[in-house]
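The values are calculated or read from the model by the stated rules, or taken from the named source; none is laboratory data. Just so it is clear, the model here is predicted, and its values are computed rather than measured. We place every Cβ from the backbone using ideal geometry, glycine too, and count neighbours over all the protein chains shown. Remember, those area values only see protein heavy atoms, side chains included, never the ligands or the DNA or RNA. Shrake-Rupley method; radii C 1.70, N 1.55, O 1.52, S 1.80 Å.
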Amino acid sequence: MILLDPTWTAVLYLVSAVCFILALKGLSSPKTARRGTLIGSAGAFLAVVTVFLSSKLDNIPWILAAIAVGSAIAAPVARRVQMTQMPQLVAMFNGVGGGAAALVALLELPHAGDAWVRLAIAFTLFIGAVSFAGSMLTFAKLQELMTTRPVVFPGLAVLTVLVATAALAAGAVLVVAGPAWAAIALAVIGLASGILLVLPVGGADVPIVISLLNAFTGLAVAASGLVLGNVLLVVAGTLVGASGTILTRAMAAAMGRSVQGILFGAFRGGSTAGSTVASDRPVRSSSAADIAVLLGYAQKVVLVPGYGLAVAQGQHTIAELQAALEERGIEVSYAIHPVAGRMPGHMNVLLAEADVPYESLVEMDRANPGFRTTDVALVVGANDVVNPAAKTTPGSPIHGMPILEVGDAKQVVFLKRSMRPGFAGIENELLFDPKTTLLFGDAKASLTELLAAVKAL
Amino acid sequence: MDGVALLTITVLAVFVGFEVVSKVTSTLHTPLMSGANAIHGIILIGAIIVAGQAEDTATLVVALIAVVLATANLVGGFVVTDRMLEMFRGRRKAPADAPGVGEAGER
């Protein structure tokens, strides 16, 4: 039904757009972040109400039912997901958004008036399909339904060029003449491109690709706004496209990587395609009881959590260990690398979930000078973020990434599952250092043993 | 709306997008990515318009799939972002602030 005239519709869409800008603005600071999300969801709600009141729509019961189905699927999943699985869920939501944009563009083709509109349709269709397929593959990688390593095969580069050419050809036909088969072809090529884009990316770079695909979906949504002549879609999509691009670069910078290097690095062999082979050089390993003594009689202990802690679900145990050590009058803090976990800022979320006080979390820049006065640095399930190769080995894939300088501490203890290298697949010299002790085992099991041993002191 | 006006809006939105996230700390990269992800779920508007104009069953079915996908993006995106941020909050103040944060044993 049409209750709102075009002027009011435009005003309400403007309000929604401002809500989205405020949401992103709010998310830039921990104090205002939650309010920002609330404002953003209010803006989205307002926009949905506006579209129902301002357009002549048929099939409204069906549409409402579809919205109910979508909410009923997504909300419980989003509520229940493990915090460690957050990255793949974000990838999944991003993918379905891209898919929705592609479908919208496909259905608008018969209504396209001129070549400009068909250009926007071609763009939305292709980018939406890339984002959908790419995100689904990212999901599969993060969920470990397939290898997390970069997948490269002979002829990948040639295939990529062929697919890109086919995309251009199908896109050109679609823009000039607009046949439905060209649209379908472009969508299929888009799906193939998404897969080819993500296949060669591996390891720690996968989350950065989520951010990039997020920006892609934003652009697809913006283009769909041009197709439908809807200003809100244009503004919201462009906003996400632009902020997503900046965010992708910021994430890559935090890891000392370039976005081009991440996407095309595997072609040149300069990616994180390191080895998975366990080293057999001698290391000093020890028992939980010995390490408990080391910790229990220290004055200052710094805990360095990594993704291994999160996969083992050891956040709560490390929080208990912290409490047990503090009871003995030991100064305990956490040194958090910006990319600890699987996404920048991920570790903060994981530790917050385990009720670790916010004040105990020390960011890298503040933590590094403190290691010189630290008695024991306890590294739990982290490897690459403390690997001195980032500073000392120019050829290394992680060279240039800022690291936590745990080597400055008087003693270093690693809790590790095995001698296998980390995500980036590079050997860590620090493991072979005389002041380093290792305790092998699942992070949670090791922490539980340590906790019991500390309490028994 | 004519092309130039749309172009103007697009270009300004690009700059706003660059500007609002330029100073964010790495701590918040994950929630910010998730929040931006939720915002592009607004493609739901487009899906609703297309579904509302569908004249044959096939078009309607495809459009309704788009509505389901877009809703999942929008609703799921905001819920998951809020859940992450909920955890950031609780501990910034004393535990006295905690009741009301995660009701009914949410953690």
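Just one of B:A70, B:A13, B:A63 is more than 27 Å from A:P110 (Cβ to Cβ), modelled with pLDDT of 90 or more and buried (at least 24 other Cβ atoms within 10 Å of the Cβ); which is it? Quick ask: steps written out before the conclusion?
Values: B:A70 fails: more than 27 Å from A:P110 (Cβ to Cβ); B:A63 fails: more than 27 Å from A:P110 (Cβ to Cβ).
Just one listed residue meets the conditions, B:A13.
Residue under question is A:S29, and the condition is that it be in a loop (DSSP other than H, G, I, E, B) and either modelled with pLDDT of 90 or more or open to solvent by less than 50 Å² (accessible area, probe 1.4 Å) (or both); does it hold? Before the answer, list the steps.
On the way: in a loop (DSSP other than H, G, I, E, B): yes; either modelled with pLDDT of 90 or more or open to solvent by less than 50 Å² (accessible area, probe 1.4 Å) (or both): yes.
Yes: the conditions hold for A:S29.
Residues of the range A:132-156 being in a helix (DSSP H, G or I) and surrounded by fewer than 16 Cβ atoms within 10 Å (Cβ to Cβ), which ones? Talk me through it step by step, then tell me what you get.
Taking the range A:132-156 first, the residues in a helix (DSSP H, G or I) are A:132-142, A:156.
Result: A:L156, single match.
Check every one of the helices (runs of 4 or more DSSP H) wholly within the range A:293-372 and list those with 1 or more residues that are without any contact (Cβ under 8 Å) to a residue 24 or more places away in the chain and not assigned by TED's automatic domain parsing to the domain that holds A:V206.
Working: elements: A:307-311, A:315-327, A:346-353, A:364-370.
Ranges flagged: A:315-327, A:346-353, A:364-370.
Hey, among the residues in the range A:161-192 that are open to solvent by 50 Å² or more (accessible area, probe 1.4 Å) and under 28 Å from the mean Cα position of the chain (by Cα), which one's farthest from A:E108 (Cα to Cα)?
Among those residues, the one meeting the criterion is A:V161.
Is it the case that the range A:363-386 has a residue that's within 23 Å of A:L294 (Cβ to Cβ), touching a Gly at 6+ places or on another chain (Cβ under 6 Å) and not aliphatic (A, V, I, L, M)?
Yes, because at least one residue in the range A:363-386 is within 23 Å of A:L294 (Cβ to Cβ), touching a Gly at 6+ places or on another chain (Cβ under 6 Å) and not aliphatic (A, V, I, L, M).
Looking at (1) modelled with pLDDT under 95; (2) crowded, with 17+ Cβ neighbours inside 10 Å, find the lone condition where A:L53 falls short.
(2)
Since A:A382 meets every condition but one in (1) assigned to a helix (DSSP H, G or I); (2) modelled with pLDDT of 85 or more, which condition does it not meet?
In the conditions (1) assigned to a helix (DSSP H, G or I); (2) modelled with pLDDT of 85 or more, A:A382 misses (1) alone.
What's the total number of residues in the range A:211-231 that are within 7 Å of chain B (Cβ to nearest Cβ) and in contact (Cβ under 8 Å) with a residue 24 or more places away in the chain?
Matching residues across the range A:211-231 total 10.
I'd like to verify a number: residues in the range A:342-371 that are at the interface with chain B (Cβ under 8 Å from one of its Cβ atoms) and open to solvent by less than 20 Å² (accessible area, probe 1.4 Å), how many?
8
This table checks each residue for (1) more than 24 Å from B:L60 (Cβ to Cβ); (2) not assigned by TED's automatic domain parsing to the domain that holds A:M136.
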| site | (1), (2) |
| --- | --- |
| A:I63 | no, yes |
| A:I67 | no, yes |
| A:Q85 | yes, no |
| A:A101 | no, no |
| A:P110 | no, no |
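Search the range A:435-457 for residues that are more than 12 Å from A:V379 (Cα to Cα) and pair each with any residue that is in a loop (DSSP other than H, G, I, E, B) and among the aliphatic types (A, V, I, L, M) when their beta-carbon atoms are under 7 Å apart and the residues are at least 6 apart or on different chains.
Matching pairs, first to second residue: A:D442/A:A312; A:K444/A:A312.
Hey, can you tell me all the residues within the range B:16-25 that are of a type outside the set (A, V, I, L, M, F, W, C) and surrounded by 23 or more Cβ atoms within 10 Å (Cβ to Cβ)? Outline the logic, then answer.
Just the residues of the range B:16-25 that are of a type outside the set (A, V, I, L, M, F, W, C), to begin with: B:17, B:19, B:22-23, B:25.
Once the filter is applied, which keeps residues that are of a type outside the set (A, V, I, L, M, F, W, C) and surrounded by 23 or more Cβ atoms within 10 Å (Cβ to Cβ), the range B:16-25 yields only B:G17.
Note down all Cβ pairs under 7 Å where the first residue falls in the range B:22-49 and is within 10 Å of B:V67 (Cα to Cα), the second is of a type in the set (V, I, T) and open to solvent by 10 Å² or more (accessible area, probe 1.4 Å), and they're at least six residues apart or on different chains.
Correct list of pairs: B:L44/A:V48; B:I45/A:V48.
Just need a number here: residues in the range B:3-33 that are facing chain A (nearest Cβ under 7 Å), assigned to a helix (DSSP H, G or I) and either in contact with a Ser or Thr (Cβ under 9 Å, 6 or more places away or on another chain) or under 23 Å from A:A250 (Cβ atoms) (or both). Talk me through it step by step, then tell me what you get.
So in the range B:3-33, the residues facing chain A (nearest Cβ under 7 Å) come out as B:6, B:9-10, B:13-14, B:16-18, B:20-24, B:26-33.
Then drop every residue that is not assigned to a helix (DSSP H, G or I), which leaves B:6, B:9-10, B:13-14, B:16-18, B:20-21, B:26-33.
From the residues that got through so far, the ones that are either in contact with a Ser or Thr (Cβ under 9 Å, 6 or more places away or on another chain) or under 23 Å from A:A250 (Cβ atoms) (or both) too are B:9-10, B:13-14, B:16-18, B:20-21, B:26-33.
The qualifying residues number 17.
State all residues of the range A:399-457 that are open to solvent by 50 Å² or more (accessible area, probe 1.4 Å), assigned to a loop (DSSP other than H, G, I, E, B) and modelled with pLDDT of 90 or more; if no residue qualifies, say none.
A:E405, A:K410
The rows are residues; the columns are (1) at the interface with chain B (Cβ under 8 Å from one of its Cβ atoms); (2) surrounded by 24 or more Cβ atoms within 10 Å (Cβ to Cβ).
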| position | (1), (2) |
| --- | --- |
| A:T37 | yes, yes |
| A:I60 | yes, no |
| A:I67 | yes, no |
| A:P110 | no, no |
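Any idea which residue in the range A:239-256 is surrounded by the most Cβ atoms within 10 Å (Cβ to Cβ), counting only those that are out of contact with any Leu (no Cβ under 6 Å at 6 or more places or on another chain) and more than 7 Å from chain B (Cβ to nearest Cβ)?
Looking at residues that are out of contact with any Leu (no Cβ under 6 Å at 6 or more places or on another chain) and more than 7 Å from chain B (Cβ to nearest Cβ), I get A:M255.
Give the range A:69-96 a look and list any residue that's of a type in the set (G, A, S), at the interface with another protein chain (Cβ under 7 Å from one of its Cβ atoms) and open to solvent by less than 10 Å² (accessible area, probe 1.4 Å), or say none. Spell out how you get there, then give the answer.
Step one: of the range A:69-96, the residues of a type in the set (G, A, S) are A:70-72, A:74-75, A:78, A:91, A:95.
Now narrow it down to the ones that are at the interface with another protein chain (Cβ under 7 Å from one of its Cβ atoms): A:70-71, A:74-75, A:78.
The answer is A:G70, A:A74, A:A78.
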